[in-house]
Amino acid sequence: MASLVERDAAVVEGLLQKLRNPETGLAVKYRILFSLRGIAGPEAHAAMLEGLKDPSALFRHEVAYCLGQRQDPAAVETLKRILKDEGEHPMVRHEAGEALGAIGTEECLAPLREHLRDPCAEVAHTCQLALQRIEHFAAVQAQADAAAAEAGTDAAPSESRYYSVDPTPAAPAATPLSQLRATLLSEEAPIFQRYRAMFALRNRGGGDAVAALGASFTAASSALLKHEVAYVLGQMQDAAAVQTLKEVLGDATENAMVRHEAAEALGSIAAPECLELLKQYAEDPEPIVADSCIVALDMLHFEQSGGFQYADGGEAAAAEQAGAAAVVASA
Ligand SMILES: [Fe+2]
Ligand SMILES: [Fe+2]
């Protein structure tokens, strides 16, 4: 399970009250959620589940994502329910499937198998990837355990420079960049292999890797793949990706899930020229995109201010919200 910190029950209760308060803005709620995600115990878990009642599909998808990143099996029943619920937004259901893959316990297998051919392509593909992830790591673990048993040591934990629990492993680090690029961009290659190439390119970093990732927005038809590419470009925080991400965000014909990740990636890269663009699309008619830009603007302020901790219980974003309200009130 992910490493979590202990906090007083009063701290969790305070965060929960802020989350429930209808006056609390989306950017503040995001920071509260990311604070709760790092706190151990059933109280923090229960407080996160409250977030699933939020009217914003974007926020609900982020709750499902955080439940997966915590890798707490206590979330499995809730995630199963979300995955089954055809009335829920596909992006939230996708994130629930991915979270089940991240948790990866025995009881995650049946619900993922049930949705392998879900009518919603993003959900079906997510479940296929999640099952392959579980199978892959089970095989790797079995191999590592066998080697460690032979050597009389503990199995070494796998390492990644990024803190996320990824939906698939990366391709082997020694794979040539040209081969990673070709696999990522090939519409014939299995999606699991394309994801592996994508994470290997992220881990490799540098201009050629960013260019290969960026090329997938025109080469790939899968919205699922493209949204994950935008996500990893945000993780890389490489300014070389800004122009491509701006085009993706600005493309009203692109899937909202892809535009959402492009907006948040721009917030995380925090190039100064993104400010106006994010403000403009914070008014987008698609709520997923508009909400993403509100969150991205807060991320951009955080990065630009050299902020110490994004998951600050919503303090910084709340101060900003109050400041903005004061300006409006005084105008
Ligand atoms: Fe996702
Ligand atoms: Fe997302």
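General observations
- Flag if residue 130 is within 16 Å of ligand 2 (Cβ to nearest atom) and either touching a helix residue (DSSP H, G or I) at 6+ places or on another chain (Cβ under 8 Å) or farther than 17 Å from residue 260 by Cβ (or both): yes
- Those residues of region 224-270 which are without any contact (Cβ under 8 Å) to a residue 24 or more places away in the chain and in a helix (DSSP H, G or I), in sequence order: 243
- Residue count for region 49-64, restricted to those that are free of Cβ contacts under 8 Å to residues at least 40 places away in the same chain, within 16 Å of ligand 2 (Cβ to nearest atom) and more than 13 Å from residue 101 (Cα to Cα): 7.
- Some residue of region 70-83 being outside any helix (DSSP H, G or I) and either over 15 Å from residue 311 (Cα atoms) or in contact with a helix residue (DSSP H, G or I) (Cβ under 9 Å, 6 or more places away or on another chain) (or both): yes
- Failed condition for residue 276, given (1) part of a helix (DSSP H, G or I); (2) modelled with pLDDT of 95 or more; (3) more than 16 Å from ligand 1 (Cβ to nearest atom): (2)
- Any hit, region 259-282, residues being over 15 Å from the mean Cα position of the chain (by Cα) and closer than 17 Å to residue 59 by Cα: yes
- Residue within region 215-237 that is aromatic (Phe, Trp, Tyr), closer than 18 Å to residue 262 by Cα and in contact with a Phe, Trp or Tyr (Cβ under 9 Å, 6 or more places away or on another chain) present: no
- The single residue among 79, 67 that is within 22 Å of residue 164 (Cα to Cα) and away from ligand 2 (no atom under 15 Å from the Cβ) turns out to be 79.
- Hits in region 84-95 - residues which are assigned to a helix (DSSP H, G or I) and either free of Cβ contacts under 8 Å to residues at least 24 places away in the same chain or not acidic (Asp, Glu) (or both): 84, 90, 91, 92, 93, 94
- Verdict on residue 167 being more than 24 Å from residue 303 (Cβ to Cβ) and within 16 Å of ligand 2 (Cβ to nearest atom): yes
- Considering region 107-213, the qualifying helices (runs of 4 or more DSSP H), each wholly inside and each with 2 or more residues that are in contact (Cβ under 8 Å) with a residue 40 or more places away in the chain, within 21 Å of the chain's Cα centre (by Cα) and at negative phi, run over 121-151, 191-204.
- Only listed residue being more than 16 Å from residue 75 (Cβ to Cβ) and in contact with a helix residue (DSSP H, G or I) (Cβ under 7 Å, 6 or more places away or on another chain), chosen from 175, 105: 175
The values are calculated or read from the model by the stated rules, or taken from the named source; none is laboratory data. Since this is a predicted model, take the numbers as computed values, not measurements. Here Cβ is always computed from backbone atoms with ideal geometry, including for glycine, and neighbour counts include all displayed protein chains.
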